[in-house]
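Report on the following structure.
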Amino acid sequence: MIEFKLNGKTVATADDPNTPLLWVVRDTFKLKGSKFGCGAGLCGACTMHVDGTAIRTCTTPVAAVAGKDVTTIEGLGTPDNLHPLQAAWHDISVPQCGYCQSGQIMSAAALLADNPSPSEDDVDAAMAGNICRCGCYPRIKKAILAVAAGELAYDAATHPEVQA
Amino acid sequence: MSTVNLSRRGFLRTTSVVGGGLVVGFSMSGCAEAPYPIDVMEGGYLPNAFLQLTPDNKITFYCPRDEMGQGVTTGLSTLIGEELDFDPARFDIAWPGVHSAYNNPDMGVQATGGSNSIKAHWTQLRQVGANTRALLLEAASQDLGVPTANLSTDDGHVVANAKRYPYGQFVATAAGLQAPEAAPLKSVSEFKFIGKEMPRVDAVLKSTGTAQFGIDVDIPGMVHAVVKRSPVAGASLKSFDASRAEQMPGVTDILEISNGVAVVAETYWQAKTAADAVRTEWNDTPLSGVNSAQVRADYAAAMAGEDGVVDKDEGDVEAGLAAADTVHEAEYWAPYLAHAALEPMNAVVRIEDGKAEVWSGVQGVVGAEGLVARASGIDPENIRVHNAYLGGGFGRRGTFGHITEATEIAVATGKPVQLLWTREDDMRHGVYRPASLMRIRAGVDSDGRVTTWDAKRVGGNQTTTTVGNMIPALFPGLGDGVADFAKGTADSIFTSWMADPSSLEGLYEDYDFEHLKVAHTTVDHGLPLTFWRSVGHSYTAFAIESMIDELAHEAGIDPVELRLMNTQNNPRLNNVIRVAGEHWKKMQPSAGRHLGFAAHNSFATDVAEIAEVSVENGQIRVHKVLCVLDCGIAVNPDIVRAQIEGGVMYGLTAALHGAIELEGGAVKESNFHNYPILRMNEAPEVEVIIVDSGTDPTGVGEPGLPPIAPAVANAVFAATGQRLRSLPLSLNA
């Protein structure tokens, strides 16, 4: 059994230790917010935080996170309690198809935790591992910089679609 | 004011409030009683196929089109909410199953594509909203004893004597009434939601990991399948050896299916690992052994040879060229491309008690239903298709081979199964944007009029494969032989009798040529082809807009002036060129940066783009793109901007990186390291200017794409004096 913390709760799995963390989280623990895009660490759709660092979980064996703290998009915020980045993603209408956005947001959250006032170049460098096939890049960048600058004051009460 | 003529039987008449199960009503065609494939909620009332109201004043909108990122859930709920007088952000949004009531009015099938969803539903869904509001007002009038003339509405409420009553309060009475068919529609000046700034309705779901994509579907007892396919498209299996794979943990079944060898296991990872251990041998096909260099050589030979089909022949091009002041000829190349949607193809199929269910995000649930029927022998009436959010479409999810594969596996194993393609499967076993070789000869007179245009394209026809894939899906009762015959017939028609409109679209229509010849020669090596975001325009715009730039330089005329002079017959395009041209004149790029201009009409929308580009050490860098477009009324201006931004980025990936190459008939590229996608550090700033012409809406999902490659190529010419006529653009070629 491999034990680790998943969004704050201790979990244990009997999956093969070589199974990538992404599939353990999606198929064993049924958290489907983190996505499969390439299986080779090239697109960033599977990004989660392991002890606060953004990593590509499609190439990380679950054995490597034994005893560690794993955070997924579900642990970052929820529809009725959005993380500031998620609120900015909404306000700026960042997503198009939305498939890459969990990974984008996890990379962005790790960046801002490390560097609360990134330059545009810092954002480019931190986000270059995350592909958005719909091409939402200008909005992703705008949302990250807006959160860093404290420019967005999201109020869930003004957004009826959030309250379902 | 426009109204839509819906027959009396066109609307579902539910005469009582229903407690559960499927609602029985009348089909839109009026020919038969048919259940709407949606689940009715406790106390739910369905005034028509698109809405369900419950007494707690929740309203569910059954979105007839597929959401692949283009914002169709926001756009269509805005149309219906505008007339229903209900904040579009408050709808619950759900996907209906297959029913003709949800057909795309512009296509006649339940499918999504061609950038036409807003245009196609513009009148229909506003009319549905208006009729439903009128029905609720009539019910409120009866319940409250107030004449309808003294009633108004406000965001989901009927207002009477300054008091607000939720719509849900009147559903029981409304259920006993006949809905009007042609309630008056608002004028543009009365719009509360259309044309206003409003966030996407799916933005929160898609920012919290809670939007359900096909890949996220997980049903009890589900096993996982990975398929090993032929590296060369269409090859049949000669033999396979699964002796190692059979011994691997979790593997439950290994079986031959029509398209390869399926490995089924308890988890995806087990199935994938075991599939890697299966050894296969394949028979040869005509595509086996074909390399990219041969494709290009065969196209060049066909270009030099006789025309397959002359599609347009107006005036006299030889006389026009002889009389021209400037004559110029050039050839342009565009390679095969993959869609590379980020969510790999996948489907869940469950077959139980003679009934089938399929879950998959597709650009046309009717096609999924047809293929399940064909592969399982189950009647369409006993098949339920559940759509989901699409992790990118771009044309790829209009071809449904994965549905056939998943169904065959579910039938053979008797288990509910999720089939998932790997990224490598997706890159190598897809359907591709055709490669194209295009030649243009053009003549300009001494006044700067482009009098003569002699254009020819060589390549495969994307409609053939697409139709070949659609026929078995749309007509599951047809035998395989008939479907193959129809595909073969389409093939020979487009080779010898008429050009496939998708092959040539965009190659000549924008300009006022006096002498015009457009020819086509089909050369098809057998790689499966289909529509790719903006279809033919994705390559023809590169040729035409590069050529116009070349002509302007040859003739010594400003490229914007030349376009203005020669687009008099296309006033809306002429106007966006004029508006963009004002910026063109004023823009002062900083040192080392250069501008390129291009304009194009596609999907009834006119777009002009200016690219600001630098070239350093042979590297092309696009810094900024200005887009001016006219798409009629912008239902959601921010989504229009987003779609144009996205079209530019998708087009830049193709302009700077994209190429699918063949080696021994197999696709060489496999993942994002050798089929690179534009990343944030390469993404330009994009400014979008919407010209408000006030006309009915036209497409925005695709039209942003075609002008970007030529705009960048024209800027590279301005920067370097080098004319790049092959995609992807490379200064080292």
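If I ask for residues that are of a type in the set (Gly, Ala, Ser) and closer than 30 Å to B:Gly113 by Cβ, which ones from region B:560-617 would you list? Within region B:560-617, B:Ala580, B:Gly596, B:Ala598, B:Ala599, B:Ser602, B:Ala604, B:Ala608, B:Ala611 meet the criteria. So is B:Ile219 within 14 Å of chain A (Cβ to nearest Cβ) and either assigned to a helix (DSSP H, G or I) or without any contact (Cβ under 8 Å) to a residue 60 or more places away in the chain (or both) or not? Spelling it out, it is not the case that B:Ile219 is within 14 Å of chain A (Cβ to nearest Cβ) and either assigned to a helix (DSSP H, G or I) or without any contact (Cβ under 8 Å) to a residue 60 or more places away in the chain (or both). Criterion applied to B:Gln169, B:Gln110, B:Gln178 was being within 30 Å of B:Arg533 (Cα to Cα) and away from chain A (no Cβ under 14 Å), and the one residue passing it is B:Gln110. Screening B:Phe672 on (1) at the interface with another protein chain (Cβ under 10 Å from one of its Cβ atoms); (2) among the hydrophobic types (A, V, I, L, M, F, W, C); (3) touching a Phe, Trp or Tyr at 6+ places or on another chain (Cβ under 9 Å); (4) touching a residue at least 40 places away in the same chain (Cβ under 8 Å) shows it passes everything except condition (3). Comparison of B:Asn714, B:Asn671, B:Asn681 shows that the only residue that is touching a helix residue (DSSP H, G or I) at 6+ places or on another chain (Cβ under 8 Å) and either crowded, with 24+ Cβ neighbours inside 10 Å or of a type in the set (Lys, Arg) (or both) is B:Asn714. The helices (runs of 4 or more DSSP H) found entirely in region B:247-324 that carry 3 or more residues being modelled with pLDDT of 95 or more and under 30 Å from B:Asn346 (Cα atoms) are B:268-276. Go through region A:18-40 and give me each residue that's within 20 Å of A:Glu3 (Cα to Cα), surrounded by fewer than 20 Cβ atoms within 10 Å (Cβ to Cβ) and within 7 Å of chain B (Cβ to nearest Cβ). Listed by number, the list holds a single entry, A:Lys30.
Is there a residue in region B:174-193 that is crowded, with 21+ Cβ neighbours inside 10 Å, outside any loop (DSSP other than H, G, I, E, B) and not aromatic (Phe, Trp, Tyr)? Scanning region B:174-193 turns up at least one residue that is crowded, with 21+ Cβ neighbours inside 10 Å, outside any loop (DSSP other than H, G, I, E, B) and not aromatic (Phe, Trp, Tyr). If you go through region A:100-134 and pick out every residue that is assigned to a loop (DSSP other than H, G, I, E, B) and either more than 7 Å from chain B (Cβ to nearest Cβ) or in contact with a Phe, Trp or Tyr (Cβ under 6 Å, 6 or more places away or on another chain) (or both), you end up with 8. Among all positions in region B:54-69, there is no residue which is assigned to a helix (DSSP H, G or I) and either surrounded by 24 or more Cβ atoms within 10 Å (Cβ to Cβ) or not assigned by TED's automatic domain parsing to the domain that holds B:Val640 (or both). Given the criterion crowded, with 20+ Cβ neighbours inside 10 Å, in contact (Cβ under 8 Å) with a residue 12 or more places away in the chain and of a type in the set (D, E, K, R), identify the matching residue among B:Asp202, B:Asp241. Residue meeting the stated conditions: B:Asp202.
B:Ala203 meets all of the listed conditions (1) away from every other protein chain (no Cβ under 14 Å); (2) touching a Ser or Thr at 6+ places or on another chain (Cβ under 7 Å) but one, namely (1). With respect to (1) assigned by TED's automatic domain parsing to the domain that holds B:Ile544; (2) assigned to a loop (DSSP other than H, G, I, E, B); (3) touching a Pro at 6+ places or on another chain (Cβ under 8 Å); (4) not small (Gly, Ala, Ser), the lone exception for B:Lys624 is condition (2). Of the residues B:Val688, B:Val667, B:Val635, the single one that is touching a residue at least 60 places away in the same chain (Cβ under 8 Å), within 12 Å of chain A (Cβ to nearest Cβ) and on the phi < 0 side of the Ramachandran plot is B:Val688. Within region B:82-107, being more than 14 Å from chain A (Cβ to nearest Cβ) and without any contact (Cβ under 8 Å) to a residue 40 or more places away in the chain holds for B:Pro105, B:Asp106, B:Met107.
Results for (1) more than 30 Å from B:Ser100 (Cβ to Cβ); (2) polar (S, T, N, Q); (3) assigned by TED's automatic domain parsing to the domain that holds B:Val223; (4) touching a residue at least 40 places away in the same chain (Cβ under 8 Å), shown as yes or no for each residue.
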{"site": "B:Arg384", "(1), (2), (3), (4)": "no, no, yes, yes"}
{"site": "B:Leu390", "(1), (2), (3), (4)": "no, no, yes, yes"}
{"site": "B:Arg397", "(1), (2), (3), (4)": "no, no, yes, yes"}
{"site": "B:His402", "(1), (2), (3), (4)": "no, no, yes, yes"}
{"site": "B:Gly443", "(1), (2), (3), (4)": "yes, no, no, yes"}
{"site": "B:Lys456", "(1), (2), (3), (4)": "yes, no, no, yes"}
{"site": "B:Gly468", "(1), (2), (3), (4)": "no, no, no, no"}
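In region B:111-118, is there at least one residue being assigned to a helix (DSSP H, G or I) and modelled with pLDDT of 95 or more? Yes, region B:111-118 contains a residue that is assigned to a helix (DSSP H, G or I) and modelled with pLDDT of 95 or more. The single condition from (1) more than 23 Å from the chain's Cα centre (by Cα); (2) at pLDDT 95 or above; (3) surrounded by fewer than 20 Cβ atoms within 10 Å (Cβ to Cβ) that B:Asn732 fails is (2).
Among residues of region B:474-491 that are closer than 13 Å to B:Gly377 by Cα, those with a beta-carbon under 9 Å from a residue that is β-branched (Val, Ile, Thr) and surrounded by fewer than 17 Cβ atoms within 10 Å (Cβ to Cβ) at least six positions away or on a different chain give the pairs B:Phe475/B:Val482.
Residue count for region B:213-223, restricted to those that are surrounded by fewer than 17 Cβ atoms within 10 Å (Cβ to Cβ) and under 18 Å from A:Thr47 (Cα atoms): 0.
Here B:Leu705 fits the description: in a loop (DSSP other than H, G, I, E, B), touching a residue at least 40 places away in the same chain (Cβ under 8 Å), within 14 Å of chain A (Cβ to nearest Cβ) and under 21 Å from B:Pro559 (Cβ atoms).
The values are calculated or read from the model by the stated rules, or taken from the named source; none is laboratory data. Fair warning: this is a prediction, and the values are worked out from it, not measured in the lab. We place every Cβ from the backbone using ideal geometry, glycine too, and count neighbours over all the protein chains shown.
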